[in-house]
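A.B. asks: Structure in structure tokens, see below.
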Amino acid sequence: QVQLAESGGGLVQPGGSLRLSCAASRNIFSIDAMGWYRQAPGKERELVSSITIGGSTKYADSVKGRFTISRDRAKNMLYLQMKRLIPDDTAVYYCSANSTSDYWGKGNLVTVSS
């Protein structure tokens, strides 16, 4: 089992940047995949980006070239660097971990607005 806690969200102007962090309660070396999802008001939760145990990454088309997923296994941390943010990026962002089960953080709100 693993607990996940997101941080780093908030209000940012269009064109700005934010970095989300996800702290895992145990080492992430054996976790098959970790990722970031988001859910905007009135919409379904969608995959933003993921990284596998081998380091392969995946991005939603809408964030390619703007977002970068990374991890620090020594610190049990997952990150999402977000640049050139647009209002459509406004959502609650969730950290996820997929091992023998799926685990989720509680979510962190990102608001992109002027």
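The values are calculated or read from the model by the stated rules, or taken from the named source; none is laboratory data. Keep in mind that this is a model prediction, so the values were computed, not measured. Here the Cβ is made from the backbone with ideal geometry for all residues, glycine too, and neighbour counts use every protein chain on show. Just so you know, the surface numbers come from the protein's heavy atoms only, side chains and all, with ligands and any DNA or RNA stripped out. Shrake-Rupley method; radii C 1.70, N 1.55, O 1.52, S 1.80 Å.
A.B. asks: Quick one: count up the residues across region 32-53 that are under 18 Å from Ala74 (Cα atoms) and either among the β-branched types (Val, Ile, Thr) or buried (at least 20 other Cβ atoms within 10 Å of the Cβ) (or both). Full working, then the answer.
C.D. replies: To start, the set of residues in region 32-53 that are under 18 Å from Ala74 (Cα atoms) comprises 32-35, 51-53.
If we keep only those that are either among the β-branched types (Val, Ile, Thr) or buried (at least 20 other Cβ atoms within 10 Å of the Cβ) (or both) as well, we get 34-35, 51-53.
Within region 32-53, residues that are under 18 Å from Ala74 (Cα atoms) and either among the β-branched types (Val, Ile, Thr) or buried (at least 20 other Cβ atoms within 10 Å of the Cβ) (or both) number 5.
A.B. asks: Okay, moving on. Among the residues that make up region 52-61, is at least one of them in a strand (DSSP E or B) and of a type in the set (A, V, I, L, M)? Spell out how you get there, then give the answer.
C.D. replies: Of all residues in region 52-61, those in a strand (DSSP E or B) come to 52, 57-59.
Keeping just the survivors that are of a type in the set (A, V, I, L, M) gives none.
Taking every residue of region 52-61 in turn, none turns out to be in a strand (DSSP E or B) and of a type in the set (A, V, I, L, M).
A.B. asks: Inspect all residues belonging to region 57-69 and state whether any of them is open to solvent by less than 70 Å² (accessible area, probe 1.4 Å) and at pLDDT below 95.
C.D. replies: No - not one qualifying residue is present in region 57-69.
A.B. asks: To continue, here is another question. Could you count how many residues in region 1-31 are open to solvent by less than 50 Å² (accessible area, probe 1.4 Å), in a loop (DSSP other than H, G, I, E, B) and modelled with pLDDT of 95 or more?
C.D. replies: Result for region 1-31: 2.
A.B. asks: Next question. Could you list, ordered by first residue, the pairs with Cβ atoms under 6 Å in which the first is in region 34-57 and aliphatic (A, V, I, L, M) and the second is open to solvent by 70 Å² or more (accessible area, probe 1.4 Å) and in a loop (DSSP other than H, G, I, E, B), at least 6 apart or interchain?
C.D. replies: Ile53/Asp32
A.B. asks: Please enumerate the residues belonging to region 73-114 that are under 18 Å from Leu4 (Cα atoms) and open to solvent by 50 Å² or more (accessible area, probe 1.4 Å).
C.D. replies: If the condition is that a residue be under 18 Å from Leu4 (Cα atoms) and open to solvent by 50 Å² or more (accessible area, probe 1.4 Å), then Arg73, Ala74, Lys75, Gln81, Thr100, Ser101, Asp102, Trp104, Lys106, Leu109 are the ones that fit.
A.B. asks: Go through region 62-91 and give me each residue that's of a type outside the set (A, V, I, L, M, F, W, C), free of Cβ contacts under 8 Å to residues at least 60 places away in the same chain and not in a strand (DSSP E or B).
C.D. replies: Ser62, Lys64, Gly65, Arg66, Arg73, Lys75, Asn76, Asp88, Asp89, Thr90
A.B. asks: Which numbered condition in (1) touching a Leu at 6+ places or on another chain (Cβ under 9 Å); (2) within 21 Å of Leu11 (Cα to Cα) is the only one that Trp104 fails?
C.D. replies: All conditions pass for Trp104, except number (2).
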